[in-house]
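Heads up: the structure comes next, in structure tokens.
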Amino acid sequence: MVLSGGVGTRIFRVCNHIFLIALALLCILPLVQVLAMSFSASSAVAAGLVRLWPVDFTLKSYVYILKNAQFLGSFGVTLQRVALGFLINMVLVVLTAYPLSKGVQAFRGRTLMVWLFVFTILFQGGLIPSYMTIRMTGIMDSVWALVLPGAVQVFNVILLLNFFRNLPKELEESAFIDGAGHWTIMSRIFVPLSLPAMATIMLFTIVGHWNSWFDGLIYMNKPEHYPLATYLQTLIIQMDFKNMRTEDAYLLAEISNRTSKAAQIIIGSLPILVVYPFLQRFFVKGIVLGSVKE
């Protein structure tokens, strides 16, 4: 139990609140400035007049971006990746975590299997073997190269199996007495009761696929197959004008490189900013309960 009322405790709480507020501002203010730049005129951005509020408000950057075929194509690739990756990851994580949550009496090879999974966290083959594996399996330059290599996330498996182990054993025993099998117990008892852990893993999976850019850079041979994060990363390094359409030239004359990049970053971040608040309330509970071992 935390004691309250002492001078030292009150000072600590004040300092803690100040630190957390400052940390939150450090995370929020850069995004606010990027948002203000995306709505500002190119001349104001070039002159360094934009801080946290748009100057000479305009939507021309967003008009240009929403007419950019490469940006929209990358956005579609990312949506496809998130949908496939989310489905595959969640199914495989549940199917892996459920048997590993059993005791040695029920699953004799459990200890060996757990150590094999942990081994993959500590030691990895490296970039070149991974690239050769993707190339020799014939999935280069396709969405499967972005989804299949990370289909089983070991951290998520450990999180979920520890959550499964904390569920009351009486539920499983009573289900077995009523004639239920492992598939029924897993799908109708364990998964519904593990909503906090499942929501946390959903958040990790969606954000991970949405923000991943390096695999798209090395596994995609054509720029039109880049996911959104890879496209934005290459855009920030060097803006590509090769595929710009003639009818968009007049817009480019009225927007700058910085306002265009800011608008694309905001559009790319918006889906995660919309999804996160709905899953955030499960985050702490899912992490804490799923990380406690008996």
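The values are calculated or read from the model by the stated rules, or taken from the named source; none is laboratory data. Being a predicted model, the structure only gives us computed values, none of them experimental. Glycine gets a Cβ as well: all are built from the backbone with ideal geometry, and neighbour counts include every protein chain shown.
Remarks
- With respect to the stated conditions, residue 77 fails to be free of Cβ contacts under 8 Å to residues at least 60 places away in the same chain, in the same structural domain as residue 220 (by TED's automatic domain parsing) and closer than 30 Å to residue 159 by Cα.
- Under the condition of being under 21 Å from the mean Cα position of the chain (by Cα) and polar (S, T, N, Q), the residues counted in region 85-114 number 2.
- Considered as a group, the residues in region 48-86 that are charged (D, E, K, R) and in a loop (DSSP other than H, G, I, E, B) include one that is farthest from residue 232 (Cα to Cα), and that residue is 56.
- Of all residues in region 6-32, those that are in the same structural domain as residue 52 (by TED's automatic domain parsing) have Cβ atoms under 8 Å from Cβ atoms of residues that are part of a helix (DSSP H, G or I), 6 or more apart or on another chain, in 31/269.
- Flag for residue 119 being aromatic (Phe, Trp, Tyr), touching a residue at least 12 places away in the same chain (Cβ under 8 Å) and either surrounded by fewer than 18 Cβ atoms within 10 Å (Cβ to Cβ) or in contact with a strand residue (DSSP E or B) (Cβ under 9 Å, 6 or more places away or on another chain) (or both): no
- Number of positions in region 9-47 that are outside any helix (DSSP H, G or I) and either polar (S, T, N, Q) or over 14 Å from residue 257 (Cα atoms) (or both): 1
- Test: residue in region 169-176 that is in contact with a Leu (Cβ under 9 Å, 6 or more places away or on another chain) and part of a helix (DSSP H, G or I): yes
- Residue 159 surrounded by fewer than 17 Cβ atoms within 10 Å (Cβ to Cβ), at pLDDT below 90 and not in a loop (DSSP other than H, G, I, E, B): no
- Of residues in region 108-149 being part of a helix (DSSP H, G or I) and of a type in the set (D, E, K, R), the one farthest from residue 227 (Cα to Cα): 110
- Residue in region 165-179 that is closer than 20 Å to residue 89 by Cβ and touching a residue at least 60 places away in the same chain (Cβ under 8 Å) present: no
Per-residue answers, yes or no, for (1) surrounded by 19 or more Cβ atoms within 10 Å (Cβ to Cβ); (2) at pLDDT below 90:
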position	(1), (2)
6	no, yes
44	yes, yes
52	no, yes
64	yes, yes
86	no, no
89	yes, no
93	yes, no
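- Only listed residue being modelled with pLDDT of 85 or more and in contact with a Pro (Cβ under 7 Å, 6 or more places away or on another chain), chosen from 181, 208, 216: 216
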